[in-house]
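The values are calculated or read from the model by the stated rules, or taken from the named source; none is laboratory data. Owing to the predicted nature of the structure, the values given are computational and were not obtained by experimental measurement. For accessibility, only protein heavy atoms count, side chains too; no ligands or nucleic acids. Shrake-Rupley method; radii C 1.70, N 1.55, O 1.52, S 1.80 Å.
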Amino acid sequence: MTVHLTRARALLAGAVLLFAAAPTACAGLAEADSSAPERGAPYVETQLFFGTARPDGSAAVTDRQFMVFVDEEVTPGFPDGLTVQSGRGQWRDVRGRIEKERSYELILLYPVDRTAASDRKIEEIRRAYEKEFGQEAVARVDERARVDF
């Protein structure tokens, strides 16, 4: 038991050191190429992940239903553009079951100075999808980006 515990601690310590050193190594690479011009304006990129299986077991959300949702609920708030990608995903539902389903990724880009207004619109989109299609959640990821059109 002590040998296994000591080995596990050594592996954990090694993993922590690698993880801690990774940002420094990456930062060094970025600094080495400082001659590259910085392009674009400061934006936020938001990714939303929409599942299509319904927890109540009824028919999954169709492509047509999803695109109507995008046209009616997303486009009015983000008329400058968006991207929709189809995918396959999985997640653990509230009952602890792994759900595998068709999914959609919606990508929105908006200027940093519009973050507060965009955040409200995005939260309305998430709640509308959950309500309309009986979903437990719509996942959201936000990242800073530099964007040039």
For this session: Have a look at the DSSP beta bridges in the range 37-149 and tell me what percent are antiparallel, nearest 5.
Result: 100 percent
Seminar exercise, completed: HN-Hα couplings for the range 99-106 via Karplus (6.51, -1.76, 1.60; θ = phi - 60°), in whole Hz with x for Gly/Pro, come out as 9, 10, 7, 5, 8, 10, 10, 10
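Provide the convex hull volume over Cα atoms per residue for the range 99-149, in Å³. Spell out each step's value before the answer.
Values: hull volume 5.5 nm³, N = 51.
Taking only Cα atoms, the range 99-149 has a hull volume of 107 Å³ per residue.
Using heavy-atom solvent-accessible surface (probe 1.4 Å) with all chains present, what is the largest-first order of Thr46, Thr62? Before the final figure, lay out the partial values.
On the way: Thr46 0, Thr62 60 Å².
Of Thr46, Thr62, the descending order of accessible area is Thr62, Thr46.
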Problem set entry | Full-extension gain in nm, Ala116 to Arg64, via 0.36 nm per residue minus C-alpha separation | 15.7 nm
Seminar exercise, completed: Per the rule of 0.36 nm per residue minus the C-alpha distance, extending Asp56 to Glu123 adds in nm 21.8 nm
Seminar exercise, completed: Binned at 5 Å starting from 0, the alpha-carbon pair-distance distribution of the range 59-149 in whole percents comes out as 2, 10, 22, 25, 18, 12, 7, 2, 0
